[in-house]
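Taken together, the values in this text are just the output of simple stated rules run on the coordinates, not laboratory data. Treat the numbers as computed from the prediction; the structure is a model and nothing was measured. Ideal geometry is used to build each Cβ from the backbone, glycine not excepted, and the neighbour counts take in all protein chains shown.
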Amino acid sequence: MSWARRCVQATATALVFRDERYSYRTFRQKAGYLWAQDADEEWYNLAKRTFECTKNLMGLKVWALWQSHGDELFEEYVDRVMALAEELAGLIGAREDLELAMPPQSNILCFRYRPAERQGDLSRLNARIRQALLEEGHFYLVQTQLRGEVWLRTTLTNPFTRSADLAAMLHQVRLLGGQAAVHPITSTPPAENAGHPMQRGGDD
């Protein structure tokens, strides 16, 4: 089982093995300059179970949090970011000019700007909206393709994101989309209620 922590506030990925012996076989290397007996299974020697060798033990961050706060911390975190995705989906559904790709099943959500009167290239329109958002620097969205069309994609990872942040981001998407419908997009200051950005980087 693999467990990627990069989208939940920690840069670490874990491979969990039911049988410990397989953890040595996966990344086994011949490196006589590192150890004399490369076949020995030494639980304390992580270099025998990874190709990163002398890099920092990134998984220690997750382990320390787990030991200090227990399962409850992760349960609360997952519940929070899932709730944010549900809230954002509700805000999108309440706007006639926004379209949700599908109900969120995690903290990742895809949507796009789609005004009722718009008959042109929606992919180009949403790509332009995203580029304008990036140039402003207040919100960060990536884009993806669904059924051959461009959609905006966000991964909600910050548990301190507020309802006002979500509303401000959608306000800016709609504002830029409205501009693009009749004029070239120009960057516009975000709504006053916009606090910290929902996310900076870490989205792929």
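Please give the charge dipole size of the range 66-163, origin at the Cα centre, charges +1 on K and R Cβ atoms and -1 on D and E Cβ atoms. Round to the nearest 20 debye. List each step's numbers first, then the result.
Values: 11 positive and 15 negative charges, 111 e Å.
My answer is approximately 540 debye.
For the range 73-182, just run the numbers: alpha carbon Rg, then divide by 2.2 N^0.38 Å, N being how many residues it has. All intermediate terms of the calculation are to be shown ahead of the outcome.
Working: Rg = 13.8 Å, N = 110, 2.2 N^0.38 = 13.1 Å.
Against the empirical 2.2 N^0.38 Å value, I get 1.05 for the range 73-182.
Could you calculate the FRET efficiency of LEU65 with ASP121 from 1/(1 + (r/R0)^6), where r is the beta carbon distance between them and R0 is 45 Å, rounded to 0.05? Don't skip to the answer; put the middle values down first.
Numbers: r = 45 Å, r/R0 = 1.01.
Taking R0 as 45 Å, the efficiency between LEU65 and ASP121 is 0.50.
Around LEU98, under 10 Å between beta carbons, what's the net of Lys plus Arg minus Asp minus Glu among the other residues? Mind showing how you got there, number by number?
Working: positive: ARG95, ARG112, ARG114, ARG174; negative: GLU96, ASP97, GLU99.
In short, +1.
As a footprinting exposure proxy, order THR144, THR154 by other Cβ within 10 Å, with the fewest listed first. Don't skip to the end; give the middle numbers.
Numbers: THR144 12, THR154 23.
Fewest to most other Cβ atoms nearby, the residues stand as THR144, THR154.
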